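A.B. asks: Here's a structure for you.
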Amino acid sequence: MAQILQYLANGLVFSSIIILGSIGLSLVYSIADFANFAHGDTMTLGAYGAFVAFGVFGGLGGTALGLPIGFFLALAVGMALAAVVAVLTHLLVYKPLDTDSIGLLITSIGVAFVYRAVLQAIFGTDFLQYDISRSGPIPVLLETLDVAVTQRDLAIIVSAAVLVVALHLLLQRTTLGRKMRATADNPDLARVSGIRTDRVILVMWVVGSALAAAGGVFLALYSQLDPRIGFNILLVVFAAVILGGIGSVYGAMLGGLLIGMLHELTPLLSDVGLPVSNAYAPAVAFVIMVAVLLVRPRGIAGDAS
Amino acid sequence: MSTLDVGGYSSREKGVAGLLGALAALLLLAVLTGFLAPAYLLYLVGLSAMYMLLSMGLNVQWGYGGMINFSVAAFFGLGAYGTALLTASGSPIAGGVSPVVALFGGLGLAAVLAVIIGYPTLKLRDDYLAIASLGLAEVVRIFILNESQWTAGSAGLTGIPLFFSDWPVLGDLTYPYVFYVGGTPLFYTTQSVVTSLLNVVLVTVIVAAVYLFLRRIHRSPWGRVLRTIRTDEDLAETLGKNTFAFKMQAFVIGSLIMALAGVFYSHLVLFVSPQDLQPITTFYVWVAVILGGTGSDRGAMLGGFTIVAIQQGTRFLTDTGALPIGAAPLRLMLVGLLIIFIVRLRPEGILPPERELIWPDSLGGGRDE
């Protein structure tokens, strides 16, 4: 039982990361109408941005959620960097293109390579870590529930929850959010209704990439940082978005939660006698995605048309 | 007379041919002056031929049928691993089988996987197919990486024989060879001049045979149906064609050609590892196809050649020490920029399909009966 609780706790941390990644991917998918293969590398970009910024702000005193205050500043820098790069990429690369969604998909692979090449050229391919000392599991949880959760894990979950709630409020309580939802739902209708969809699309790139960057930072905090972390997780993020239903931000969150959980629950399979090692966790996410696509091509929360 | 001059070549085609000719002459000159080792040239020719096969295989799927297959690396890998597992002395399961027999092992594996991957995914929408096939290819790579009792895992397979090594007479003519660039050993191999030459002859024959075969089927009624499916699948369906069956056939044919490239790669490089199955291999082949001209087999061949030029050329560029960037990021950057610029500036590619779709006889001036 404690074992399952532990898997679920791990799942919650991993889900937080996947949810942050899948929101942005889903936003781009619904508004710009293509599968953005550069999204994973946007996550990596944010993680490296925060890495550099943490080198600058890391010394600031005080802690929040068990992490140095400087880390949260660095997180903000990483998010801002990813947003700026994504907007520039949209204006310079995607917008002038006169092509279909497949052309955009292929172009985004090129963009992903350019991002990764730049990071590789600057930082090399070695593993890096944020210079934050690791602490052991939180004693209270370990004693009462026999579940090992570190402060770092908790910080990831709480930060992700804050970002997701902020996005929810933005979408539901502000005019900008209403415009974003309208544009995601039907860009043409939104445009003839007087919404300046060009601006909304820019905002969407900013929001999506900033959240992706946060996901990348947490991923690097959770494990390690190297130029491939984002791309390696991209397929799992795609699985989450497709599972949730393309075009639905809330679907993406739900899909992220499910896929993240399933990813970390993979060890259960070997507990019940199936010889599936942890290395197959992404593969399990994938097979589930293909299965869902076959039964419900529009995902769990997708509109049934 | 027809307005379309099928006999002549456009100035662009002449330009491309001229450029390739000049490059070939340059390489030959480099060999004659001792700047480039003959063994390395043979290796380059083999590698180009391999990429040509891969891009022709993808062209059948994407160029003819419009299927976005992002699992090129998996089929290439199955061909490579299929033959390597059967022939290599370091193989954990079999080993020692003649390459001529093992060839069919690689092809068989790829055919089975093509049906397993194709059956669920070919019904999916374009972009879903892309994501699903990339994912399934990753499943194959993860499997090979982790099931080391069958595949030797991350260590890879060594001790793969040359394709003609078990032929009598030729087996002995080998000498060890180390290829240096700027003092760093780049490339070790046991070189056997005659078998290497035979390898080149073999792959040239394979490439030519595949090219002629594809040209034949592309122009056939089967190819026409596939083109219709690519343009408008619903229309093909309305016309009573079983589009799924046609797509499946094209998928399997393309996958077999990719596996053939893998088999050849194993016997050329004499080492395979899960590293060869990384998604980057798939994207290289995609660049080759869209650069050459989607749907054009000559374009696919040109693209395959270009990829090798980028891969190997970046080594020389960075070895001179003139660039502040390593070979790996430079290569990635070039490929990335190439993708962005082709889609932006020349989406139809350098040698788009033109005359390939028309039997010369069907235009006036031929053998009118």
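The values are calculated or read from the model by the stated rules, or taken from the named source; none is laboratory data. As the structure is a prediction and not an experimental result, all values here were calculated from the model. Counting neighbours? That spans all protein chains shown, and the Cβs are built from the backbone with ideal geometry, glycine included. SASA here: full protein model, heavy atoms, side chains in, ligands and nucleic acids out. Shrake-Rupley method; radii C 1.70, N 1.55, O 1.52, S 1.80 Å.
A.B. asks: Can you give the mean number of other chain Cβ atoms that lie within 10 Å of the Cβ atoms in peptide B:330-338?
C.D. replies: Values: counts 3, 2, 11, 9, 3, 5, 13, 5, 2.
Whole-number average of other-chain Cβ neighbours for B:330-338 is 6.
A.B. asks: Where does the stretch A:69-209 land on Rg(C-alpha)/(2.2 N^0.38 Å)?
C.D. replies: Taking N as the residue count of the stretch A:69-209, the ratio is 1.39.
A.B. asks: If we sort B:16-29, B:132-145, A:244-257 on the protection proxy, mean other Cβ atoms within 10 Å, highest first, what's the order?
C.D. replies: A:244-257, B:132-145, B:16-29
A.B. asks: Next question. Rounded to the nearest 0.05, what FRET efficiency do residue A:140 and residue A:232 give with R0 = 51 Å and r taken as the Cβ-Cβ distance? Could you check? Walk me through the intermediate numbers first.
C.D. replies: Values: r = 34 Å, r/R0 = 0.66.
Calculated transfer efficiency: 0.90.
A.B. asks: In whole percent, what relative contact order does the stretch A:88-229 give with Cα contacts below 8 Å and a gap of six or more residues?
C.D. replies: 28 percent
A.B. asks: Which residue, A:235, A:274, A:128, tops the fluctuation ranking in a GNM of chain A built on C-alpha contacts under 10 Å?
C.D. replies: In the Gaussian network model the winner is A:274.
A.B. asks: Non-local amide H neighbours of residue A:246 (under 5 Å, H modeled in plane, Pro and chain starts lacking H): which ones?
C.D. replies: Amide H neighbours of residue A:246, under 5 Å, 5+ apart: none.
A.B. asks: Using a 1.4 Å probe on the heavy atoms of the protein chains only, list every residue of the stretch B:102-138 that has 40 Å² or more less accessible area in the complete assembly than in its chain alone.
C.D. replies: B:120, B:124, B:127, B:128, B:131, B:134
A.B. asks: Could you name every residue in the stretch A:17-45 that has 30 Å² or more less accessible surface in the full protein assembly than in its own chain alone (probe 1.4 Å, ligands and nucleic acids excluded)?
C.D. replies: Residues losing area: A:29, A:37.
A.B. asks: Taking every residue in A:285-293, how many Cβ atoms of other protein chains lie within 10 Å of its Cβ, on average?
C.D. replies: Values: counts 1, 8, 5, 0, 4, 11, 1, 0, 9.
Averaged over the peptide's residues, the number is 4.
A.B. asks: Dividing the Cα radius of gyration by the Kirkwood radius, what Rg/Rh value follows for the stretch A:1-150?
C.D. replies: Radius of gyration relative to Kirkwood radius: 1.06.
A.B. asks: Can I ask one more? Tally up the carbon and sulfur contribution to the accessible surface of the protein assembly as shown as a whole percent, 1.4 Å probe, everything protein left in place.
C.D. replies: 66 percent
A.B. asks: If you take the accessible area of A alone plus B alone and subtract the pair, what total do you get in square angstrom, rounded to 100, with a 1.4 Å probe?
C.D. replies: Values: alone 14080 and 17440 Å², together 28210 Å².
In total, this chain pair buries about 3300 Å².
A.B. asks: For the protein assembly as shown, what is the calculated [θ] at 222 nm in deg cm²/dmol (nearest 500), taking -39500 (n - 2.57) for each run of four or more DSSP H residues and dividing by its residue count?
C.D. replies: After summing the helix terms and dividing by the residues of the protein assembly as shown, the value is -23000 deg cm²/dmol.
A.B. asks: For the stretch B:194-252, what is Rg from Cα atoms divided by 2.2 N^0.38 Å, rounded to two decimals? Intermediate values should be presented prior to the final figure.
C.D. replies: On the way: Rg = 16.5 Å, N = 59, 2.2 N^0.38 = 10.4 Å.
Ratio of Rg to 2.2 N^0.38 Å for the stretch B:194-252: 1.59.
A.B. asks: Here's another thing I want to ask about it. Restricting to Cα atoms and excluding each atom paired with itself, what does the Kirkwood estimate give for the stretch A:173-270 in Å?
C.D. replies: 15.4 Å
A.B. asks: What distance in nm separates the simple spin-label points at residue B:204 and residue B:145, each placed 7 Å from Cα in the Cβ direction?
C.D. replies: Once both label points are built, they end up 3.9 nm from each other.
A.B. asks: Mind checking the log10 I(q)/I(0) for the protein assembly as shown at q = 0.08 Å⁻¹? Debye, one equal scatterer per Cα, no solvent, two decimals.
C.D. replies: For the protein assembly as shown, the Cα-only Debye profile gives -0.65.
A.B. asks: Okay, next question. What does the C-alpha gyration tensor say about the overall shape of the stretch B:1-149? Classify as rounded when a/c is under 1.5, otherwise prolate if a/b is larger than b/c, or oblate.
C.D. replies: Since a/c reaches 1.5 but b/c is at least a/b, the shape of the stretch B:1-149 is classed as oblate.
A.B. asks: Another one. Give me the residues in the stretch A:120-140 whose solvent-accessible area, probe 1.4 Å, is reduced by at least 20 Å² once all protein chains are included instead of the chain isolated.
C.D. replies: Buried by the other chains: A:120, A:121.
A.B. asks: Rounded if a/c is under 1.5, else prolate if a/b is larger than b/c, else oblate: which is the stretch A:1-83, with a ≥ b ≥ c the root eigenvalues of its Cα gyration tensor? Numbers along the way, then the final one.
C.D. replies: Numbers: a/c = 2.88, a/b = 1.08, b/c = 2.66.
In terms of gyration-tensor shape, oblate.
A.B. asks: Can you tell me which lysines have their Cα less than 17 Å from the Cα of residue B:241? Leave out same-chain residues fewer than eight positions away.
C.D. replies: The qualifying lysines are B:123.
A.B. asks: Would you pull out the residues with amide H under 5 Å of residue B:272's amide H, same chain only if 5 or more places away, H placed 1.01 Å from N?
C.D. replies: B:157
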